[in-house]
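Novice: Here it is, the structure, as C-alpha cells.
Only the coordinates and a few stated rules stand behind these numbers; no lab work does. From a predicted model like this one, the values you see are computed outputs, not experimental measurements. Note: ideal-geometry Cβ built from the backbone for every residue, glycine included; neighbour counts use all protein chains shown.
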C-alpha cells in the first residue's frame, strides 16, 4: 500500500520531531513564507497549541530547520559529496556539481532559499545561513589544499561562486541545466588550479 508523506511522518516519533521533519519538507518544497502555521500543523498532525509548546514562533522553527542542515548527516546532498571516501579530493570538488535525480521543481540550496526569503525579516536565520556558507567555503578550501591547489582559498572562492550561481539559476529557471553548465566551468577551474588536472570521472555523480 502506498502511503502519503504526511502519513509516514505521523509514525511513532514525538511531536517536535514530526514538526521539524514536516517543516524540512514543506519549507524546501513550497517555501518558508508559503507554509503557514495552519498548513504545517495539519501536515505534522499536531495542534497549534502543541506547536507553540515546542517553538515560540515560526521564526524559531526556521532557525532550527536550518541548524539541522548544518550537521554532516543532514547537510544538503551536494555538500555531502565532500565527505565521500571513494573519491579523491579533486573529484569530490567536482562532485558537488552533480544534479542528482530529476525532479519536477528545482529548489536549489535550502540555505540560499532561506536567505532570499528572510530578506532582513529573520536575522537569526540569516546568521545561521552566513555561518553555514562560511563553513562550506572552508571545507572547499581544505579539499582544494588536499588536492594540491596552488592557491586553495582562491580556488575555493571561485568554486563557491560557480556553485552558488549554478544552483540559484537552476532554481530561478526550474532547469538543472544550469548546474551542468556550472560543472563544466568547475572542470576548467580545476584544470587551471591543479598541476595534475582532474579526471572526468562519471562515478563522481553516482548516488551517495
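Novice: Whole angstrom only: what separates the Cα centroid of the range 84-98 from the Cα centroid of the range 113-177?
Specialist: Here the two parts' Cα centres lie 16 Å apart.
Novice: While we're here: Could you check the spin-label model distance between residue 59 and residue 184? Points 7 Å from the Cα along Cα→Cβ, value in nm.
Specialist: For residue 59 paired with residue 184, the spin-label model returns 4.4 nm.
Novice: What nm value, rounded to one decimal, do you get for the distance between residue 153 and residue 174 when each label is placed 7 Å out toward the C-beta?
Specialist: Taking the simple label geometry, residue 153 and residue 174 are separated by 4.2 nm.
Novice: Report the calculated FRET efficiency for residue 50 and residue 161 (r = Cβ-Cβ distance, R0 = 45 Å), to the nearest 0.05.
Specialist: E(calc), rounded to 0.05, equals 0.60.
Novice: While we're here: Could you list the residues of the range 144-180 with an amide nitrogen less than 12 Å from a label point located 7 Å from the Cα of residue 86 in the Cα-to-C-beta direction?
Specialist: Backbone N within reach: none found.
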